[in-house]
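Just so it is clear, none of the values below were taken in a lab; they were calculated from the coordinates. Not measured: the values here are computed from a predicted model. Heads up, the Cβs are rebuilt from the backbone with ideal geometry, glycines too, and the neighbour counts pull from every protein chain shown.
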Amino acid sequence: MKKLIGLLNQNTGVDGWKIAEMKTRSYELFFVHEKLETVRSTDTVSTSVTVYVDHDGARGDSSFAVTAAQSDKDLEKAIVRAAARAKLAFNQPYRLPRGGREPERALPTNLTDLDEKETAAKIARAVFSADCPAGGSINALEVFLYTDTFRVINSEGIDKQEKKHRVMIEAIPTFTDEKESVELYEDYRFTVFDEEKLKNEISGKLREVYDRHVAAKPPVPMKANIVLRPHEIEELLSDLAGDLHYASVYMHANLHKIGDDLQKDGKGDKLTVTMRGKTPGSECSSFFDGDGTELRDTTVIRDGVCAANFGSDRFGQYLGVETPSGELRCMDVNAGTLDGAELKSAPYIECASLSGIQVDLFNDYIGGEIRLAYYFDGEKTVPVTGITMSGKLSEALASLRLSDKKVTQGAYEGPDKMLLPGFSIL
């Protein structure tokens, strides 16, 4: 690192630089059914260098990867080539974030003092002990325990470092009978190990894979209320929040501006969305972003009204923001007033698996292909599949309801259900 910094500082054709280094240690288990097939441990370092060159009233940048096999001469040549490429980019001038060297910080976790082998085995046991219907199984399971140390250094004095412990699980819940086999893919990530929560998550997926097997297409076309779960709620609100990103505003790609009411004359629950640097248990949590900018929580939507923009230091400078928020990846959403009894007061379709929710702000559209959902007709609930939903986004936002119960899932912390009335089902 000292040699690399010295070579960057010696190059007179470079007006600024940034080094991002990620060290990752892993412990990994691979199961086929419940048989442990492979155990693997890795220790890797990836280093990326970005050089900045000021020219013709503009600022250009170019990046390259650094490997342990490169000599000093190789690095010198890589810096020269990157500087030449940077002269081909014409960005509005901006300064790099400034700061000093700081001690390493660690993100909250309960994995720090646990033995990797014992923890990985305990996670696997929790998955395999989940409630399983007859004919169901975990066809394959992969458990990854990671320890990441991320460091960012730049020519303006920033030298920040953070450590993160995280777990990733990839599982294939499967249901098989004499005619066919149905599989689902589950990607589960966390930084706080809660055995009971993990078992419940896998149990739910095992029930869903059976339901996917027996699900049938309901009579269509019809009109129905739609209920979204956390993953799709986050996708929808990320589209709304992304419209308020500094980069979207700077490039005139945004539809809404601060002060716009997203829920005009709405009679539903009012949306309050805060983009955060950290969410408990989320691997997306961080103290600073990839440029070294300290992250500042920002409420972007308050009571249904666009309240603030957010984003990187660079685009914040372009918009004249005095203290940019940094690239915020976590989301907190206020709870609403919808309880279980009110939810069941009318028929609805609760989406369990979508091909991906489709949101088009400019064409006022929201929809998606439903792979598995649960149709409550007012009396009973049955699994359904093979249908699509579509509606007007503005009408959905105006009348949406949010559950009064909050959950944490991935980078999302907020209501566990969102009710959107009046969708067309085909």
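This ranking places Ser282, Ser390 by how few other beta-carbon atoms lie within 10 Å of each, fewest first, which gives Ser390, Ser282.
On alpha carbon coordinates alone, what is the Rg over Rh value for segment 2-214, Rh being the Kirkwood radius?
Taking Rg over the Kirkwood Rh, I get 1.15.
Mind giving me the FRET efficiency for Met1 and Leu36? R0 is 30 Å, r the Cβ-Cβ distance, nearest 0.05 is fine.
Efficiency for this residue pair is about 0.20.
Once the other residues with Cβ under 9 Å from the Cβ of Met1 are scored (Lys, Arg +1; Asp, Glu -1), what is the net sum?
+2
Placing pseudo-labels 7 Å out from each Cα toward the beta carbon at Lys163 and His55 gives an inter-label distance of 4.2 nm.
Classify segment 260-328 as rounded, prolate or oblate, taking a ≥ b ≥ c as the square roots of the eigenvalues of its Cα gyration tensor: rounded when a/c is under 1.5, otherwise prolate if a/b is larger than b/c and oblate if not. Oblate. Where the alpha-carbon atoms of segment 222-425 are placed on the principal axes, they occupy 55, 35, 29 Å, in descending order. Cross-link check: pairs Lys223/Lys267; Lys199/Lys392; Lys205/Lys264; Lys35/Lys217; Lys205/Lys257 evaluated at a Cα-Cα cut-off of 31 Å; pairs beyond the cut-off: Lys199/Lys392; Lys205/Lys264; Lys35/Lys217; Lys205/Lys257.
In plain terms, the residue of Phe423, Phe90 with the fewest other Cβ atoms within 10 Å comes first and the most crowded comes last, giving Phe90, Phe423. If I build a Gaussian network model for the chain, linking alpha-carbon pairs within less than 10 angstrom, which residue out of Ala130, Ala120, Ala89 has the largest mean-square fluctuation? Judging by the Gaussian network model, the answer is Ala89.
Tell me the label only: which of (i) 20, 40, 28, 11, 0; (ii) 22, 49, 27, 2; (iii) 26, 61, 13, 0 is P(r) over Cα pairs in 20 Å bins from 0, in percent as calculated from this structure? It is the value labelled (ii).
With a Förster radius of 25 Å applied to the beta-carbon distance between Glu180 and Ala216, the computed FRET efficiency rounds to 0.95.
What number comes out for the charge environment of Glu195, summing +1 per Lys or Arg and -1 per Asp or Glu over other residues with Cβ under 10 Å away? Before the final figure, lay out each step's value.
Values: positive: Lys122, Arg125, Lys197, Lys199; negative: Asp194, Glu196.
With Lys, Arg at +1 and Asp, Glu at -1, the net is +2.
Backbone geometry of segment 254-261 corresponds, through the Karplus equation with coefficients 6.51, -1.76 and 1.60 at θ = phi - 60°, to 3J(HN,Hα) couplings of 8, 8, 9, 10, 4, x, 6, 8 Hz, x marking Gly and Pro.
Dividing the radius of gyration of the alpha carbons in segment 1-123 by their Kirkwood radius gives 1.14 for Rg/Rh. Here Arg125 and Thr24 are evaluated by their C-beta separation; at R0 = 25 Å the FRET efficiency comes out at 0.50. For Thr149 and Glu76, the difference between the fully extended length at 0.36 nm per residue and the C-alpha to C-alpha distance is 23.7 nm. Using Cα-Cα distances under 8 Å and only pairs 6 or more residues apart, what relative contact order does segment 222-340 have, in percent? This gives 29 percent for segment 222-340.
From helices alone, the chain scores -6500 deg cm²/dmol at 222 nm; the rule is -39500 (n - 2.57) for each run of n ≥ 4 DSSP H residues, then divide by the residue total. Once the Cα atoms are used to define both axes, helix 116-128 deviates from the longest principal axis of the chain by about 20 degrees.
To the nearest ten degrees, helix 72-86 and the longest principal axis of the Cα atoms of the chain are 70 degrees apart. If the chain linking Asp404 and Asp377 were pulled fully straight, counting 0.36 nm for each residue of separation and taking away their Cα-Cα distance, it would gain 7.5 nm.
For Phe362 and Ser345, the difference between the fully extended length at 0.36 nm per residue and the C-alpha to C-alpha distance is 2.8 nm.
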